[in-house]
Structures are given as structure tokens and as C-alpha cells.
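So the structure is just underneath, and the comments pick up after that.
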Amino acid sequence: MDRKHMVAQRARDYFGERFDDVIHMIRQDRQEMRGWQEPAHVRAVARRLVREAGTAQESETTEVMLADLEFGRTAGEPERGQQREALGLLLEAGVQGLEKISGNRAQEMSCEEMLGVECTLLLYGRPAVQINQGRLASPPPLWNLLEDQREDIEMAQRAVGRIELLGHPEYAWAGTGFLVSENCLLTTRRTAELFVEQQNNAWQFRPGMSAWMNYRASYQRVASAGYRVRSVMGMHDRYDMALLEVEPPQQAADAPTPLAIAARPPERLEGRPAYLIGYPVRDDRRNEPECVTRIFRDVYNVKRVQPGMLRGALSFREVQLLRHDCGPLGQNAGGCLVDLETHQVLGLHLAGRYLEPATAVPLWTLREDPLLRRAGVTFAEITAQDMETVTNQLERLARSRYWGEVQQTIGVLYQRAFGRPDDR
């Protein structure tokens, strides 16, 4: 499959029958770019984070490499007007390319049009929406479903963080992980092996190294990460999976909340909406560096929500994998793949390539796994309809005068049903 055919096929997969709608959206956004700023959803994906005013302890810095010359000066941030115009030219070329794909003339696309189509795929079809200060940035109109589910997504992202390293000779952080119980962190084995090693049939920290869990959205110094990784609960013998013991979250309104893991597969594994939460990193070995750099301006290592679709499953003997297209930007090993309907975790993201389906461990297949059972990982039994019913009942009971007497009992039942504490 040549490059043009691959890009055209991805456009058909991502946009389906909505080519005309997408073209109209892009043209409208391009017109807005001629004004004083980018549309909110484009700015959320493409522009670098703005440091918020605050105390030195609260400030967050983003690891940002210098942008490509086409987007501005080599010394510092490109002028915003230049950014908007450069991105606008890509969108214009993308519209022309989409029109040719829609008319079955994909082979007539020029190089500029093909790059423009890739830009539209990443900005509209599979965006990487930033999380800033616990809030989800504006999603593109094609993904208004994210806006409808904003509250649940923002709650889920609290449990996802970066594993920061202290004492490692090369890396400041190892990868992404997420809470699956009050003190259990799930990540990939290759992430954990950056700072732990096996000695005498036991996993121990490498000499002089320690690890901390940082749930904040942007890059932050290790000293303020807050939650220490205490030990290794276990490494899975078949899957690229590690369970780490971490300090439990502090009691606060915005504290990390353990995620609920789906106890059974979704109704369909092909075309079901899902989203990936993690910290994408640039990897020139596996991604397409030119278009990714030009579109995202080297904004990596920050927490993002990447929506997409499930793409079926595949098996290798006793190993089963879940395929999805939620992660076209960077490598995101250790991120959690979440069902957009139930907001239960479907899988542990393993690897992926730019504009190609990625793979994840389907966690519902490990419901009876001894390692997860020993770690006390809770699986959510409840369906989406049952969840709505129980939530409504809890809200009515919370307004009654009996709430104080039964709150503890309800918390236990909620934990068993949803796989997470009742903090609503």
C-alpha cells in the first residue's frame, strides 16, 4: 500500500460518510484563523501550553523543543499570526485533498495536499486534546461526544500520571501509569524495568534510583511529584504488564481516583468509541516526524486525551490483544484505554504507529488472573444503564435526612459495583 492510498484509507476510516461535514468545518475554521486567534479546538491541540500564573510550587513547565522554521523563529515561541497562517495553509491543502479522496481521485493528490489531509486527520479525526489544570481543552466538533462526557473524562484523567525517576543516568521519567486501586499502579513491564531489576527471584529498585507518581498534566520536577512508588507487586508472565505499589492519594476534592476496570468485553470490538489517556512522547523511529512536528510543534510529554475507535482483537496462542486507533501521536505505553460510554478501562495501551491501529492488553480477560487478584484489583460488574440508575438513586438518597447513617454502607456497595470509591 503506497503512502497516498494509506492516507486516503485512513481518511475514509476516520470520517466515514461525513466528508462534507468535515470539509465545511475546516473551511469555517480557516476563515476564523484570518482573525485574531485560532478556533478553540485547534488551539487546544496545536498550540503549546501557556504557563499559568501562580506560586513557584504550583507552576508547571512543559518540555518543548524549538518549532520548525516554517512555524516561526528558532529562538523562542513563533509569532502567533505566523502559526495560524502556516496551519491555515495546511488546512486549505487538506480540504483539497479530502475533496479528491471523496471523488475517488486520491492518486491525484500533491505532496502538500497529502500532508494537509494528515493534518486534518490529527486535528479533527483523531485529535490529541490537552489536559490543563485538570480541565479538558475544547474538542473538535467531530468529537462533541467528548464535551458531552466532559465530567467523567476529567474525573478519569485524575488517576493517570507519569512515573518520574530520581537517580536515573538518562531519563527524568519512565512512562505512563494509572491507579487501579488505592495503592496499586498499572503500567507496562518495560516501563518498570527502567528503574527496577530482578535479583534472587525478587524485584528491587536499581541502586541509587527511586520513582514517584506525578498525576499533574504537564512536566514537573520530581521533587514535587508527591506519591512515591514503594515496591513492585508483580510482573505478568505473559503480558507486558507491571503492578506497582504506590502511596495512596491524599484526601482532596481533586485527588486521583482509582479507575474502574471492565469485567466483561464491550458489546462490540469494532467501531466502538473509546479514548486513551496518557503522556505521548516523540519517537522518530516509529512515527512520522515531519508532519507530527509541523502540526503539533513538538508539544510532547503533557497529559492528553486521544479519542478514537476500537478496531477488533487479535490472538497469538494464549495471548489476546485489543486493537484501537486512539493513539496516532507519539508513543504512550502504559496509558489507559477507556470506553467512552461506560468510562471503564478496557485495556492497557502497549504500542502503536502513526496512523495505524495500536495494541492494548484487554484487561477483562485477566479478571481471574492470580497476579491481579493478589493485588486487589477490582473489576466493575455494572452496565452503563445500571450505573445511571444507581447514580440517580444515590443522588436522591444524598438529599434525604438518612444520608449520614448509611453513607459508609453505600460507599462499600458503590466500590463493589463501580470499582472505585463513591466521590460524586
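Within the range 184-203, work out how many residues are within 22 Å of the chain's Cα centre (by Cα) and either assigned to a strand (DSSP E or B) or more than 24 Å from residue 278 (Cα to Cα) (or both).
4
Could you tell me whether the range 146-169 includes any residue that is over 19 Å from the mean Cα position of the chain (by Cα) and without any contact (Cβ under 8 Å) to a residue 24 or more places away in the chain?
If we filter the range 146-169 for residues that are over 19 Å from the mean Cα position of the chain (by Cα), which is where we start, we get 165-169.
Right, trim to without any contact (Cβ under 8 Å) to a residue 24 or more places away in the chain and you get 169.
The answer is yes; a qualifying residue exists.
Cβ contacts < 6 Å: first residue farther than 17 Å from residue 108 by Cβ, restricted to the range 84-95; second residue of a type in the set (A, V, I, L, M), any location; separation 6+ or different chain. Result?
Hits for this filter: 84/33; 88/33; 91/26.
Counting just the residues of the range 167-181 that are touching a strand residue (DSSP E or B) at 6+ places or on another chain (Cβ under 7 Å) and part of a loop (DSSP other than H, G, I, E, B), which one comes out nearest to residue 256 (Cα to Cα)?
At the first step, the residues of the range 167-181 found to be touching a strand residue (DSSP E or B) at 6+ places or on another chain (Cβ under 7 Å) are 167, 171-180.
With part of a loop (DSSP other than H, G, I, E, B) added as a condition, the list becomes 167, 171-172.
Working: 167: 26, 171: 25, 172: 22 Å.
The residue in question is 172.
Would you please list the contacts, defined by Cβ atoms under 6 Å and residues six or more apart or on different chains, that run from a residue in the range 222-240 that is among the aliphatic types (A, V, I, L, M) and surrounded by 17 or more Cβ atoms within 10 Å (Cβ to Cβ) to a residue that is modelled with pLDDT under 95 and part of a loop (DSSP other than H, G, I, E, B)?
Pairs that qualify, where the first residue is among the aliphatic types (A, V, I, L, M) and surrounded by 17 or more Cβ atoms within 10 Å (Cβ to Cβ) and the partner is modelled with pLDDT under 95 and part of a loop (DSSP other than H, G, I, E, B), are 233/375.
Please verify whether residue 235 is of a type in the set (A, V, I, L, M), at pLDDT 90 or above and under 30 Å from residue 315 (Cα atoms), treating the condition exactly as stated.
Numbers: of a type in the set (A, V, I, L, M): yes; at pLDDT 90 or above: yes; under 30 Å from residue 315 (Cα atoms): yes.
Yes.
Would you mind stating whether residue 156 is in contact with a Leu (Cβ under 7 Å, 6 or more places away or on another chain) and surrounded by 24 or more Cβ atoms within 10 Å (Cβ to Cβ)?
Numbers: in contact with a Leu (Cβ under 7 Å, 6 or more places away or on another chain): yes; surrounded by 24 or more Cβ atoms within 10 Å (Cβ to Cβ): no.
Criteria not met by residue 156.
Whether any residue in the range 364-375 is at pLDDT below 70 and farther than 30 Å from residue 270 by Cβ is what I want to check. Outline the logic, then answer.
Here is the first cut: in the range 364-375, the residues at pLDDT below 70 are none.
Taking every residue of the range 364-375 in turn, none turns out to be at pLDDT below 70 and farther than 30 Å from residue 270 by Cβ.
Condition check: closer than 29 Å to residue 216 by Cβ, of a type in the set (A, V, I, L, M) and not in a helix (DSSP H, G or I). Does residue 131 satisfy that?
Details: closer than 29 Å to residue 216 by Cβ: yes; of a type in the set (A, V, I, L, M): yes; not in a helix (DSSP H, G or I): yes.
Considered against the rule, which asks whether it is closer than 29 Å to residue 216 by Cβ, of a type in the set (A, V, I, L, M) and not in a helix (DSSP H, G or I), residue 131 comes out as yes.
Of the conditions (1) modelled with pLDDT of 90 or more; (2) buried (at least 18 other Cβ atoms within 10 Å of the Cβ), residue 142 fails just one. Which one is it?
All conditions pass for residue 142, except number (1).
The values are calculated or read from the model by the stated rules, or taken from the named source; none is laboratory data. Everything quoted here is computed from the prediction, not taken from an experiment. Ideal geometry is used to build each Cβ from the backbone, glycine not excepted, and the neighbour counts take in all protein chains shown.
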